[in-house]
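What follows is a single structure, written as structure tokens, with notes after it.
The values are calculated or read from the model by the stated rules, or taken from the named source; none is laboratory data. Given the structure is predicted, the values throughout are model-derived calculations rather than measurements. Counting neighbours? That spans all protein chains shown, and the Cβs are built from the backbone with ideal geometry, glycine included. Accessible surface is based on the protein model in full, side chains and every heavy atom, while ligands, DNA and RNA are left aside. Shrake-Rupley method; radii C 1.70, N 1.55, O 1.52, S 1.80 Å.
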Amino acid sequence: IKSTNNFVPVMGAVNREAIYEFVAGETINDAIKFSNGFSILASPEREIILIRESEDGVKSLDISQADLDINLQKGDRLFIKYKKYQPNEYYLQDSKDFSKIPVKISGAVKKPGEYFVDEGSSLYELIKSAGGYRENAYPFAGVFTSIESKILEEEFNKKLYEEAIKSLASIASLSKGINLSTIPTFLEEFKNTEAIGRVITEFDLEKISSPSSQNPTLSPGDEIYIPYFKNRIHVLGEVLNPGTLVFDEELSLKEFINLSGGLNKFADNQSITIIHPNGEAVRAKYSFFANSKYKLYAGSVIYVPRDLSYIDGIDLAAPLSQIFSSLAISLASINSISN
């Protein structure tokens, strides 16, 4: 049996993407049939792009439904456009198809991917375009990140860092002999923490189905992540056994901390940070006697910071309180998103 190199990749909004063999006389329409036809994700116009090599170089040709009888040639590649999906760059080489930056939605949605959206398009419209949530989705823990928010967060962190450096320099000049050796490491940790750019918003489809402040508009480069539900809670920081526990809605903040071995001797029990799955942060105080009044959810992060208020009798609360709070929230949020 002789070998052949008559192959055509058929990619995009078809029911079976693959590389198909063709024989002389077979057409673009035949290739579409090989791939079991257009999928429900195909653009309404059934737009097809043919990448064809010729003596003049590689050309990108828009194919209409009236041109499906064009014969296939060696080196041809076919891409069937999606409904506002981003085309596959490996098969498309026409820059006009990449003039806009898509938004990305991933996780527990039925059709995750990259979408082109019109100006003014909303979060609700994107989720509906992605087919809605899967059965085990956890919308309450949805993550919305934007480039604009990330830039603002980076600028804020930079200002905090510079203010802390100035305050510590002043303390050092007025307090000779004071041991501040642990502070540079702490500040370096803060400086190296990457901004998240998370936008705290609502993901309940009923609440965002109508135009409102809870249904934000999207910008190029925005990313949406919908996690799957996991019945876990995370206890991190200055406890004897930090880690992940099975969540029980009947247990309190104090009980989860006790299940993690309790506070160690370095813990700041007045500045515990709780990061809820939706990104909201709450400052909590640990009490040995009172029942917890703090609401917890599956996916929450309990972060117990180290007590840095006083070192060698010097009050460092003023220069470090804001920067530490920001760092604690960033670290806890990163853990929440990654889990």
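Remarks
- Residue among ILE49, ILE19, ILE63 that alone is closer than 27 Å to LYS111 by Cα and surrounded by fewer than 14 Cβ atoms within 10 Å (Cβ to Cβ): ILE19
- Annotation for the range 281-297: at least one member residue is modelled with pLDDT of 90 or more, assigned to a loop (DSSP other than H, G, I, E, B) and in contact with a helix residue (DSSP H, G or I) (Cβ under 9 Å, 6 or more places away or on another chain).
- Residue check: VAL117 meets all listed conditions (1) surrounded by 18 or more Cβ atoms within 10 Å (Cβ to Cβ); (2) at pLDDT 80 or above; (3) not in a strand (DSSP E or B) but one, namely (2).
- Residue match in the range 320-339 (condition: within 23 Å of GLU162 (Cα to Cα), assigned to a strand (DSSP E or B) and either open to solvent by 30 Å² or more (accessible area, probe 1.4 Å) or modelled with pLDDT under 75 (or both)): no
- Taken over the range 181-227, the criterion of being among the hydroxyl-bearing types (Ser, Thr, Tyr), exposed (fewer than 13 other Cβ atoms within 10 Å of the Cβ) and either assigned to a loop (DSSP other than H, G, I, E, B) or at pLDDT 85 or above (or both) is satisfied by SER181, SER210, SER212, SER213.
- Residues in the range 53-74 that are of a type in the set (Lys, Arg) and modelled with pLDDT of 85 or more: LYS74 only.
- Some residue of the range 262-276 being at pLDDT 90 or above and either among the basic types (Lys, Arg) or open to solvent by 40 Å² or more (accessible area, probe 1.4 Å) (or both): yes
- Among the residues listed as GLU125, GLU155, GLU148, the single one being of a type outside the set (Lys, Arg), modelled with pLDDT of 70 or more and more than 20 Å from GLU202 (Cα to Cα): GLU155
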